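The values are calculated or read from the model by the stated rules, or taken from the named source; none is laboratory data. Computed from a predicted model, the values in this text were never measured in an experiment. Cβ: placed from backbone, ideal geometry, glycine included. Neighbour counts: every protein chain shown. Please note that ligands, DNA and RNA were not included when accessible areas were found on the heavy atoms of the full protein model with its side chains. Shrake-Rupley method; radii C 1.70, N 1.55, O 1.52, S 1.80 Å.
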Amino acid sequence: MPRTNCRVPRSVLVAAFFVASAAACASGADNAGDPYRATSTASVASMASSTTAGGDATGSGPDCEPADCTLGELGRGAGMLVGAAVAPTQLDEVDTAALIAAEMTSVTPENEMKWAEIHPERERYDFEQADRLVEFAESNGLAVRGHTLVWHQDAGNPLPEWLLDVDDPEEMRTVVADHIATVVGRYRGRIDRWDVVNEPLVSVGAGPVDNHFSRVLGPEWIALAFEEAHAADPEARLFLNEHSAEYSEERADALVALVEELLAADVPLHGVGLQSHLFVGPPPEGAIGDLVRRLRALDLEVAITELDVPLPAGDEPGTTVAPTPDALATQADAYQQVVEECLVAGCNEVTTWGVSDRATWLDTFLGRPDTLPLLFDAALQPKPAYEEVRAVLTDATG
Ligand code: XIL
């Protein structure tokens, strides 16, 4: 993306995220004719079952002619899950639900498994929305990426007050162990992989994050979370998930050093998730591929877990450039670069943070509307970025 379009967003949180990223930067639609339009939940189910989308990524080749395959089918042929973060409101949109069921092989709950949603009070869990998403996935043959067990999130849906009040290490250990045993245990055998620890690095720079868990528990907070998750479901693949490591060599080094340390201590860690919120366009060429190779050399799985690529900021503060063919082509190139590098280096999943441009967290996070960062437009039509990702997956299936 053009460097002149890099803008520093205003809020402190955004600025923190942005500085890490910036190292590399020197509705209401009318759906008539929409192929994903469905008129009932029954037709949603039948669309899904008419695909061969499933919860694995075996790389065994698609059962369809490439031109007729969905993205998920092409991904399966290439040994890659293709997923999207989903909010329950999107399951209420019949056309969006049909698109997810048809095109994806995996879903990630956007917020429904975070502490504030799933464990709002110390003695009360609320599984309603998380269950709904898992049941949707199961009835459509999709895998579920569990997200996330331990995160200090301070915006959107922050940690509940009751948890912030826990400041005794022994008590905190019990609380975290109970939370993980309860949440992972409930979905044992149904959720095959978890983002156990989210964002273990500080947002700006590359040191360890200083958060409520690390302050109360000390450096053992990460190992504790993995051990509890492993005990609750020994079959689940357990991931560390981090942002902006693809933008900064310093963060990439810190991430690799952290996972080496955890592996040396026999912590049950099986993979690393690269969030890949590409706030400032594509990372330096080769950066994702290099990082994926370093992690694969440690025998870890690597997934792109939260990919989105906003259109660049406009000249006026608080605006985004118009979605001209050029802007959409630039966005598509970024998607192509990331997915191709990742695939060639051995990733086994690419998940976007959202489904279509109807709903994205980025408009709020970046403080400007119309960032339009996803593969489908607000009318659920495939964008140039979708075509580029298709092309990468098609090439990989031979
Ligand atoms: C975001 C959600 O999309 C928002 O709805 C919420 O308000 C804040 O969290 N990294 C992560 C995700 O790991 O969980 C975040 O999701 C986006 C950044």
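Details
- Scanning region 117-164 for residues that are part of a helix (DSSP H, G or I) and either more than 18 Å from Val86 (Cβ to Cβ) or among the hydrophobic types (A, V, I, L, M, F, W, C) (or both) turns up Ile118, Ala130, Leu133, Val134, Phe136, Ala137, Glu161, Trp162, Leu163, Leu164.
- Residues located in region 362-398, provided they are within 16 Å of the ligand (Cβ to nearest atom) and part of a helix (DSSP H, G or I): Leu362, Asp363, Thr364, Phe365, Leu366
- Criterion violated by Ala359 - all others in (1) of a type outside the set (Val, Ile, Thr); (2) open to solvent by less than 30 Å² (accessible area, probe 1.4 Å); (3) not in a helix (DSSP H, G or I) satisfied: (2)
- The residues listed here are Leu164, Leu142; of these, the one that is more than 15 Å from the ligand (Cβ to nearest atom), aliphatic (A, V, I, L, M) and open to solvent by 40 Å² or more (accessible area, probe 1.4 Å) is Leu164.
- Any hit, region 246-255, residues being touching a strand residue (DSSP E or B) at 6+ places or on another chain (Cβ under 9 Å) and part of a loop (DSSP other than H, G, I, E, B): yes
- The residues of region 91-133 that are open to solvent by less than 10 Å² (accessible area, probe 1.4 Å), over 21 Å from Val339 (Cα atoms) and polar (S, T, N, Q) amount to a single one, Thr96.
- The residues of region 213-244 that are within 16 Å of the ligand (Cβ to nearest atom) and assigned to a helix (DSSP H, G or I), listed by number, are Phe213, Ile222, Ala225.
- For Thr330, the criteria (1) under 22 Å from Ala391 (Cα atoms); (2) buried (at least 21 other Cβ atoms within 10 Å of the Cβ); (3) within 19 Å of the chain's Cα centre (by Cα) hold in every case but one, which is (3).
- Of all residues making up region 278-317, the number that are touching a His at 6+ places or on another chain (Cβ under 8 Å), open to solvent by less than 20 Å² (accessible area, probe 1.4 Å) and away from the ligand (no atom under 16 Å from the Cβ): 1
- Residue satisfying all of: in region 183-200; more than 12 Å from the ligand (Cβ to nearest atom) and charged (D, E, K, R); most open to solvent (accessible area, probe 1.4 Å) among these: Arg188
- Taking the listed residues Pro66, Pro62, the one that is more than 16 Å from the ligand (Cβ to nearest atom), within 25 Å of Glu301 (Cβ to Cβ), touching a Leu at 6+ places or on another chain (Cβ under 9 Å) and modelled with pLDDT under 95 is Pro62, with no other qualifying.
- Taking (1) outside any helix (DSSP H, G or I); (2) out of contact with any strand residue (DSSP E or B) (no Cβ under 7 Å at 6 or more places or on another chain); (3) more than 13 Å from the ligand (Cβ to nearest atom) in turn, Asn111 satisfies each apart from (3).
- Glu228 passes every criterion in (1) open to solvent by 10 Å² or more (accessible area, probe 1.4 Å); (2) acidic (Asp, Glu); (3) in contact with a Pro (Cβ under 8 Å, 6 or more places away or on another chain) apart from (3).
- Within region 354-384, the set of residues being on the phi > 0 side of the Ramachandran plot and under 15 Å from the mean Cα position of the chain (by Cα) comprises Gly354 only.
- Residues satisfying the stated conditions in region 146-157, i.e. within 11 Å of the ligand (Cβ to nearest atom) and in contact with a strand residue (DSSP E or B) (Cβ under 7 Å, 6 or more places away or on another chain): His147, Thr148, Trp151
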